[in-house]
1. Tell me, which residue of the stretch 1-19 that is closer than 15 Å to Val90 by Cα and surrounded by fewer than 14 Cβ atoms within 10 Å (Cβ to Cβ) is nearest to the chain's Cα centre (by Cα)?
2. Just name the residue that is modelled with the lowest pLDDT out of those in the stretch 22-45 that are loosely packed, with under 13 Cβ neighbours inside 10 Å and over 20 Å from Ile81 (Cβ atoms).
3. Anything in the stretch 54-93 that is in contact with a helix residue (DSSP H, G or I) (Cβ under 8 Å, 6 or more places away or on another chain), surrounded by 15 or more Cβ atoms within 10 Å (Cβ to Cβ) and farther than 17 Å from His2 by Cα? List them, or say none.
4. How about the stretch 63-80: which of its residues are in contact (Cβ under 8 Å) with a residue 40 or more places away in the chain and over 12 Å from the mean Cα position of the chain (by Cα)?
5. Taking only pairs six or more apart or across chains, which ones have beta-carbon atoms under 9 Å, a first residue in the stretch 82-94 that is farther than 13 Å from Asn66 by Cα and in contact (Cβ under 8 Å) with a residue 24 or more places away in the chain, and a second residue that is among the β-branched types (Val, Ile, Thr) and surrounded by 12 or more Cβ atoms within 10 Å (Cβ to Cβ)?
6. Evaluate the following for Cys114: is it modelled with pLDDT of 85 or more, among the hydrophobic types (A, V, I, L, M, F, W, C) and more than 13 Å from the chain's Cα centre (by Cα)?
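The values are calculated or read from the model by the stated rules, or taken from the named source; none is laboratory data. Model, not experiment: these values are computed from the prediction. Quick reminder, even Gly has a Cβ in these numbers, built from the backbone with ideal geometry, and neighbours come from all protein chains shown.
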Amino acid sequence: MHKEIANNVINEMEEKGREVRVQRDYLLKEEDFEGVDLVCSLGGDGTFLKTASMIKSSNLPIVGVNTDPARSVGHLTSIPIPFHERSREVPRFIDFLDQQNFKFDYKSRIKVSCKS
């Protein structure tokens, strides 16, 4: 389910002439973000948090896409894409990005260490 929606997003972006780089969240490294204008985190809140924790730059926007809204609330994601509506919702999501009719919410990050 997640993978099919991700493939739909990738294909739609490539059809619109975007350069797309795909990387599994657990394999991300800081250098993967060089030259990137926008990161799309496809999954749920956990995927979004993991992705955000790997991006050191506070200037690189991340858009979260909830790819399973039937089972996940997606508090941190910007847009839900239900599996059965993906053929309509994925192009709508890409148009949303193209129109840039949105504002970014800048979040603070806190690094906490505990001594045991």
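1. Keep residues of the stretch 1-19 that are closer than 15 Å to Val90 by Cα, which gives 1-16, 18.
Among the residues that remain, those that are also surrounded by fewer than 14 Cβ atoms within 10 Å (Cβ to Cβ) are: 1, 3-4, 11, 14-16.
Numbers: Met1: 16, Lys3: 13, Glu4: 15, Asn11: 15, Glu14: 16, Glu15: 18, Lys16: 18 Å.
Per the criteria, the residue is Lys3.
2. Selected residue: Tyr26.
3. Met54, Ile55, Ile62, listed by residue number.
4. Within the stretch 63-80, just Asp68 meets the criteria.
5. Filtered contacts from the stretch 82-94: Ile94/Val9.
6. Yes: the conditions hold for Cys114.
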